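What follows is calculated from the coordinates using simple rules that are stated; it is not laboratory data. These numbers come from a predicted model, not from an experiment. Cβ atoms come from the backbone with ideal geometry, glycine included; neighbour counts cover every protein chain shown.
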Amino acid sequence: MSEYVGRLMEAVKAKDPAQPEFHQAVEEVAESVEVVLDKHPIYRQSKILERIIEPERVILFRVPWVDDQGMVQVNRGFRIEMNSAIGPYKGGLRFHPSVNLGILKFLAFEQVFKNALTTLPMGGGKGGSDFDPKGKSDNEVMRFTQSFMAELFRHIGPNTDIPAGDIGVGGREVGFLFGMYKKLRNEFTGVLTGKGINWGGSLIRPEATGYGAVYFAAEMLNTRGETLEGKTCIVSGSGNVAQFTAEKILDLGGKVVTFSDSGGHIFDEEGLDREKLAFVMDLKNNRRGRISEYAEKYPNAVYTPTDANLDYNPLWDHKADCAFPSATQNEVNARDAQNLVNQSVYVISEGANMPTVPEGVEIFMSNDVLYGLGKAANAGGVAVSGLEVSQNSLRLSWTREEVDQRLQGIMKSIHSQCLEAAEAYGKPGNYIYGANIAGFLKVADAMLDLGVV
């Protein structure tokens, strides 16, 4: 770590203690863009990076609601409006017990650069609550989301801040949130993305993050004259991102052998087919069951429960060509990364946000792995959210084919930006430097133009 980055991180940690995920995200970007700051002193003089690190606005509020037993419950709600230099704040809402200020600041910080890479005019934000929708009835989820929106509505709008879904916030939650916003504001606007098709949503939006991660992997493979045809792929998670990652891998001729949830993972050596994937989608989206039921339905698959005493995740210890971490942050530790390398995996495309710890990333880079970091590889979701906003503004809907074609074009563009920026600043082929530098330059130049605000 250089002297400059060391001083910067000391200041960040002193100001924001007990936020390790945020520190991790800032350090990665700072180390990448230091070469830019050295080459263009104006960014350093204007303290552009320091200003990006500091959120423009942090909103924290209580969310009281009544459960099905008539008991009052209280959760905490957040919205981090990180940076609006190139457009309205844009980023998801996460409902999960692990949600806290540090995690949301890390996600919002990452979102700034991710959104800049999409080529669409979107700033960065993130929000959510420590509410856990798992095990809650539809009515409990509705009462919670309505209470949550009763405060959040004051701070968002189609030209100010446009939330979307994230972990724990799917179509059901977005519907309840949008319904309450519409009631409170008495207007029908594109204030949330991930909406239902019948009331302003975009085709391909549910699929976009997973599809985009696979398109990005295909672009990386293309640099070596290869395709996904015949490649064996490990996918973590079993939610929206994992499901549609698997679907697109199947479309492109690859084989998916794993899925997981918090209880454990399944390994299906035969590979998933359309029928098996449909079972997982019904299990997770409709019945809200556990992935262990997959092994009950398909006995040739092996289910391995999560063992908290292990210092690695057995999911990442299967022979494969490609891996798609699609569950949550820091799910791939250093030993997992080494296991992936040992098992001949040479393509990593992250569907989750920052799923690999820094030591794991170093292992990938030192072993010539094609490593697509989250802010580039999983930008497809927010890209199609941006396209949903455009459709709402125009009061029209594009076809599935048109949206998918635009998504493919955006992922190709992100891949090209990463390679070009990495080349221009002396780090050829390094997607980490490329993504951080390309995103930073777009935001930094806009901030210079707008003055010290």
| By the scheme Lys and Arg +1, Asp and Glu -1, what is the net charge of all other residues having a beta-carbon under 11 Å from that of PHE113? | +1
| remark: Neighbour-count ranking for ARG172, ARG288, ARG395 (other C-beta within 10 angstrom, fewest to most) reads ARG395, ARG288, ARG172
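Take every DSSP beta bridge with both residues inside the stretch 208-377 and express the antiparallel ones as a percent of the total, to the nearest 5.
For the stretch 208-377, the DSSP antiparallel bridge percentage is about 40.
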| note | Counting Lys and Arg as +1 and Asp and Glu as -1 over every other residue whose Cβ sits under 14 Å from the Cβ of ARG288, the net charge comes to -1
| R0 = 22 Å: FRET efficiency of SER397 with GLU187, Cβ-based, nearest 0.05? | 0.65
| Rounded to the nearest 5, what % of the DSSP beta bridges within the stretch 55-188 are antiparallel ones? | 70 percent
| request: Using DSSP to define loop residues, name the GluC sites (Glu not before Pro) in the stretch 136-194 whose beta-carbon has at most 14 other beta-carbon atoms within 10 Å. | output: GLU187
| query | Of LYS105/LYS255; LYS15/LYS195; LYS105/LYS231; LYS231/LYS297, which pairs sit farther than 27 Å apart, going by alpha carbon to alpha carbon? | reply | LYS105/LYS255; LYS15/LYS195; LYS105/LYS231
| Simple spin-label model, 7 Å along Cα-to-Cβ: ASP368 to SER344 in nm? | 1.6 nm
| Hey, what do the phi angles of the stretch 238-250 turn into as Karplus ³J(HN,Hα) couplings, whole Hz, using 6.51/-1.76/1.60 and θ = phi - 60°, x for Gly and Pro? | 8, x, 3, 5, 5, 4, 7, 4, 4, 4, 6, 4, 4
| field | Rounded to whole Hz, the Karplus (6.51, -1.76, 1.60) HN-Hα couplings of the stretch 411-423, x for glycine and proline | value | 5, 4, 5, 4, 4, 5, 4, 4, 5, 5, 5, 4, 5
| remark: For the chain, whose charge dipole is built from +1 on Lys and Arg Cβ atoms and -1 on Asp and Glu Cβ atoms, the candidate among GLY135, ALA18, GLN343 with its Cα farthest towards the positive end is GLY135
| query | So what J values fall out for the stretch 10-21 if you push phi through Karplus, 6.51 cos²θ - 1.76 cosθ + 1.60 with θ = phi - 60°, rounded to Hz, Gly and Pro as x? | reply | 4, 5, 5, 5, 5, 7, 10, x, 6, 10, x, 5
| Add -39500 (n - 2.57) for each DSSP H run of 4 or more in the chain, then divide by its residues: what number comes out at 222 nm, to the nearest 500 deg cm²/dmol? | -15000 deg cm²/dmol
| note | Sorted by chain and number, the residues with a modelled amide H under 5 Å from that of SER202, at a separation of 5 or more or across chains, are GLY194, LYS195
